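The values are calculated or read from the model by the stated rules, or taken from the named source; none is laboratory data. What you are looking at is a predicted structure, and each value in this text was computed from that prediction instead of being measured. As a convention, Cβ positions derive from the backbone with ideal geometry for all residues, glycine included, and neighbour counts pool all protein chains shown.
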Amino acid sequence: MFTHAAIPRAHSALLRMLGLLFAALLVSTGLGPATATAATPTARSWTVQVGQESHNMGIQGMAFGPKEIWNNTGDTVHWNANAAEIHTVSFFNAQTPIVPFNPGDPSLAYMVTPTPDTTISAPGQFRNSGIMSTDPGEVMKYSLTFTGPGDYQYVCYVHGQMMMGTVHVRAAGTAYPFSQQQYNAQANKEKAIALAAGHQAKAHAQSMATKHHVFVGAANEKALVMRFIRPTVRIHKGEKVTFDMAMNHADIPHTVTFGQEPANPFQRVGNPANFTGGDLSSGILLPPGSGPLPSTFTVTFNKKGTFHYICALHDGMGMMGKVIVR
């Protein structure tokens, strides 16, 4: 009987080689066993910081950290509130435009109203986080999964075009240009730039302030100063102090409020021409040229004593001061 053992070794090696060649031919013509398909790219998550602040909250940065991020279809971006100042993450369109922030205007309710969607598939679709802040009760995190490619531009409605970002979305499997660690380094650089700009704005305001002329915060295109400049002044009975928004180059509202805060911060309370203590409030002040609301508030102090005041919108950040009348 003919057996495999009877095949000379050379013939056996030749048969094995022919078998391998035949198997390769079957695969190349599509007749052989199916090869394993490429693994589906794994979706990734990315983190962006919303805002920046100094350790005492006196300087608030107006930037997303980082401002631009590149991801792929199927990836998710998480925005984390990073400051006490309020912000939004808002993918806008023609029906939800960027206009001056005024939550008292009913037509602008879209600015502060969160949308329920957890995905976004194309640029131009409206998505909104609502108000984000590290303050208790505010939104701390907002997430979206991107299911279609494109360049998605978004804004903070509170601070308008000074605070914008972009998510660049490519096809799944595209190589990523940066790691999360590199994005974190970019975010730290954004913070350093913002805080330096804020300290510069504060120093400039301090050089201009006097005991009779207090600046109500300061702002430039990168940062807000959430402090009265000078916060403590000493004057004599019968003298005046003017509280001035002139150092704010951004549409950020403030108040000058003595005594009890009014329920409506827009409400003006008391007589600033003859202040002897009690409740007195400027109502909302805006920078010069920002609208019909006033930009200055002048108070005549007609009683000796120490009179403490706050910004009713930002006292939680430490925006307060006092006038000592001799």
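Brief remarks on what is shown
- Index of the failed condition, A83 passing every other in (1) crowded, with 19+ Cβ neighbours inside 10 Å; (2) part of a strand (DSSP E or B): (2)
- Total residues in the stretch 174-185 satisfying the condition of being surrounded by fewer than 17 Cβ atoms within 10 Å (Cβ to Cβ), touching a strand residue (DSSP E or B) at 6+ places or on another chain (Cβ under 9 Å) and in a helix (DSSP H, G or I): the figure is 2.
- Residue ID - surrounded by the most Cβ atoms within 10 Å (Cβ to Cβ), chosen from residues in the stretch 126-154 that are under 19 Å from V112 (Cβ atoms) and among the aromatic types (F, W, Y): Y154
- Screening N93 against (1) surrounded by fewer than 14 Cβ atoms within 10 Å (Cβ to Cβ); (2) in contact with a strand residue (DSSP E or B) (Cβ under 9 Å, 6 or more places away or on another chain) leaves a single unmet condition, (2).
- Single condition V169 does not satisfy, out of (1) surrounded by fewer than 23 Cβ atoms within 10 Å (Cβ to Cβ); (2) more than 21 Å from D251 (Cβ to Cβ): (1)
Residues checked against (1) without any contact (Cβ under 8 Å) to a residue 60 or more places away in the chain; (2) among the hydrophobic types (A, V, I, L, M, F, W, C):
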{"site": "S133", "(1), (2)": "yes, no"}
{"site": "H168", "(1), (2)": "no, no"}
{"site": "A185", "(1), (2)": "yes, yes"}
{"site": "A205", "(1), (2)": "yes, yes"}
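- Residue within the stretch 89-109 that is within 22 Å of V169 (Cα to Cα), without any contact (Cβ under 8 Å) to a residue 60 or more places away in the chain, among the hydrophobic types (A, V, I, L, M, F, W, C) and outside any loop (DSSP other than H, G, I, E, B) present: no
- Options G74, G32, G61, G65: the member that is surrounded by fewer than 23 Cβ atoms within 10 Å (Cβ to Cβ) and either touching a helix residue (DSSP H, G or I) at 6+ places or on another chain (Cβ under 7 Å) or modelled with pLDDT under 95 (or both): G32
- The criterion of at least 2 residues that are assigned by TED's automatic domain parsing to the domain that holds E85, on the phi > 0 side of the Ramachandran plot and of a type outside the set (F, W, Y) is met by none of the strands (runs of 3 or more DSSP E) wholly inside the stretch 201-313.
Okay, residues lined up against (1) out of contact with any Asp or Glu (no Cβ under 6 Å at 6 or more places or on another chain); (2) within 24 Å of R44 (Cβ to Cβ):
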position: T73; (1), (2): yes, yes
position: A81; (1), (2): yes, yes
position: T88; (1), (2): yes, no
position: V112; (1), (2): yes, no
position: Q125; (1), (2): yes, yes
position: I131; (1), (2): no, no
position: Q153; (1), (2): yes, yes
position: M162; (1), (2): no, no
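- The single condition among (1) crowded, with 22+ Cβ neighbours inside 10 Å; (2) in contact with a helix residue (DSSP H, G or I) (Cβ under 6 Å, 6 or more places away or on another chain); (3) not assigned by TED's automatic domain parsing to the domain that holds S121; (4) not small (G, A, S) that Y157 does not meet is (3).
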